[in-house]
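The values are calculated or read from the model by the stated rules, or taken from the named source; none is laboratory data. No experiment lies behind these values; they were computed from the predicted model shown. With ideal geometry, Cβ positions are generated from the backbone for all residues, glycine too; neighbour counts draw on all protein chains shown. To get the accessible areas, we keep the full protein, side chains included, count just its heavy atoms, and leave off ligands, DNA and RNA. Shrake-Rupley method; radii C 1.70, N 1.55, O 1.52, S 1.80 Å.
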Amino acid sequence: MQQRSPSAGLTLPLLFVLAIAGISAGLSVQASAQTSPSASSSSADGYVLGPNDRIRLKVYGESDITGEYEISNSGQVSIPLAGHIKAAGATTRQLEKLIASALAKGIVRDPRVNVEIAQYRPYYILGEVKKSGEYPYRNGLTVMDAVASAGGFTYRANENKVFLRRAGAGAEQTYPLDAPVPVYPGDNIRIPERYF
């Protein structure tokens, strides 16, 4: 007669419990990965408009008003039948309400307004890059992407740090380049010179 060890009877149920626990843990990790927002995704709804941003305005039933408009250096946008509206400092949803309110005071009855960002204001890069200047912004841009757009570093560049002045800020901040540093519309990037 063959004898069974006591551990042999426990092996199969133990493996089953471990398999269920592993599947459960895998599902919870997968679910949390799906519900957490991506670090690179940015919502245009929360974006604060500023000078040189270009918006796409749609007023339903009013084709003469619908179109693209650029925010002026004074922060205003000029809309037919609504006049000059302060757009800088507002989100697209806030600007929709401002435009609808201005149009409702005129001849447009119950205006339905939609505002989207057509083009972000540019960013600027200077210092020790091959082609300094103004460049168009795109979502997810980092300092290293901006350097690549500007032709790369010069031979004198300090490739360890960057000076960055955010749009509307009065002073530069220093950031290390060993991690991705995000760039936002209107930012000024300065690549310093290396000292030997």
Practice problem: Under 19 Å from a label point 7 Å along Cα→Cβ of residue 179: give me every residue in the stretch 120-145 with its amide N that close. | Solution: 140-145
Self-check item: the stretch 65-120 and the stretch 134-150: distance between their alpha carbon centers, rounded to Å
Solution: 29 Å
Quiz item: What is the stretch 94-196's relative contact order, in percent, from Cα pairs under 8 angstrom and six or more apart in sequence?
Solution: 29 percent
Quiz prompt | Length added when fully stretched, residue 93-residue 148, from 0.36 nm per residue minus Cα-Cα | solution = 16.4 nm
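Subtracting the Cα-Cα distance from 0.36 nm times the residue separation, let me have the gained length for residue 169 to residue 60 in nm, one decimal.
35.5 nm
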Exercise. Would you please calculate the Kirkwood hydrodynamic radius of the stretch 56-140 over all C-alpha pairs and express it in Å, rounded to one decimal?
Key: 14.4 Å
Exercise. Return one whole number: the accessible area per residue of the stretch 67-131 in Å², for a 1.4 Å probe.
Key: 55 Å²
Exercise. May I ask you to compute the full-extension gain from residue 105 to residue 131, defined as 0.36 nm times their residue separation minus their alpha-carbon distance, rounded to one decimal in nm?
Key: 4.5 nm
Quiz item: If one computes P(r) from the Cα atoms of the stretch 80-196, what percent of pairs lie at distances over 24 Å?
Solution: 42 percent
